[in-house]
Every structure is written in structure tokens, then in C-alpha cells.
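Below is one structure, written out as C-alpha cells; comments come after it.
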Amino acid sequence: MLVPEVPAAQRSARPSAEIVLGVDAREPARAAVGFAFATARMRGVRLRAVHSWRFPFRAAELPFGVPEEDRATWEDHEVQLLADALRPWREKHTDVHVLEDVRLLPPARALSRRSASAGLVVVGRSSEREPGPTLRALLAEALCPVALVPT
């Protein structure tokens, strides 16, 4: 677990605050998801599963921007992906209250915004030696401890 350096004015102990899980609904990191559910259960707090997405590449080719109908269709698809990814975990951990949160933002920004009211942010980490740009950005911006769970 890493605890980012946060100015004292922004820091507060929030052990009873929700757990925020950063999850890629297309390829969920099983170890991170399991850790987040177990931690939320142990603390008796809500788990907020955050999945970020972006417009498909073909959206850039649209001459007049993205029509609202297309945006809604793409977002509905992302919401369904997250629900499907979490279904087995929700069935296994029926005592954990889960809030699914789908954001049209870069992952680090979506998670760092949620960290302001979280007790812990949980993300999976590949076995690479150096953290990638998303993880570095999250660690620089997070306002609560971040648990890096090896995949």
C-alpha cells in the first residue's frame, strides 16, 4: 500500500469512508477486485467500482461531433460491461454494498477525483518494474492511501 504525500490541510483520517476500486471492465484484475471486496466487507463500508472509458476512435471521424444518441449508446455499453464484470463478485459478497461508477475520463483523473472522499483506492498492478503513466498520475493526485495489488 502506498500513501501519497498530501498537504495536511487536505488530509483526514477516513477509515469508515468508502473503498474505491479502479477496474477495467474489459479485463478486471481479479486480485484487485477480490482485495477491494474483502476490504470493504471487513471495514463494513461501501465499495465504489470506477470504470473509465473514452469514445471509440471512429468518433473522431464524425464531422459534427458526437451525437447524444451515440454517446448514450456507448455509455450504456460500458455500464453493462462493468455490471457483467462485477456480477460474480457481487454474488459471492452479498453483504457488500457496491456502487457502479462509469466515467468518461482518463482512469487516473476519475480515481483521483473519487479519492477525495475515499478511505482507500484499490488498483491492480502488473509485474512491470516501473509504474506506468496512469499509476504515476494517480499516485501524484490521490488524496488517500492507494493499494497496489499485484495481478
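The values are calculated or read from the model by the stated rules, or taken from the named source; none is laboratory data. Just so it is clear, the model here is predicted, and its values are computed rather than measured. Cβ sites come from the backbone with ideal geometry, for glycine too, and all protein chains shown count toward neighbours. For accessibility, only protein heavy atoms count, side chains too; no ligands or nucleic acids. Shrake-Rupley method; radii C 1.70, N 1.55, O 1.52, S 1.80 Å.
General remarks:
- Check on Arg46, modelled with pLDDT of 95 or more and either out of contact with any strand residue (DSSP E or B) (no Cβ under 8 Å at 6 or more places or on another chain) or open to solvent by 30 Å² or more (accessible area, probe 1.4 Å) (or both): yes
- Selected residue (criterion: nearest to Leu135 (Cα to Cα)) from residues of region 84-107 that are aliphatic (A, V, I, L, M) and surrounded by fewer than 16 Cβ atoms within 10 Å (Cβ to Cβ): Leu105
- Within region 108-139, the set of residues being assigned to a helix (DSSP H, G or I) and open to solvent by 50 Å² or more (accessible area, probe 1.4 Å) comprises Arg109, Arg113, Arg114, Pro133, Thr134, Arg136.
- Within region 71-93, being touching a helix residue (DSSP H, G or I) at 6+ places or on another chain (Cβ under 7 Å) and assigned to a helix (DSSP H, G or I) holds for one residue alone: Trp89.
- Pair list, Cβ under 7 Å, 6 or more apart: region 132-144 residue closer than 17 Å to Asp24 by Cα, other residue hydroxyl-bearing (Ser, Thr, Tyr) and open to solvent by less than 80 Å² (accessible area, probe 1.4 Å): Leu138/Ser112
- Within region 78-87, the set of residues being within 19 Å of Val45 (Cα to Cα) and more than 15 Å from the chain's Cα centre (by Cα) comprises Arg87 only.
- Neighbours by Cβ (under 9 Å, 6+ apart or cross-chain): first from region 96-124, over 20 Å from Leu139 (Cβ atoms); second surrounded by fewer than 20 Cβ atoms within 10 Å (Cβ to Cβ) and β-branched (Val, Ile, Thr): Glu100/Val79; Val102/Val79
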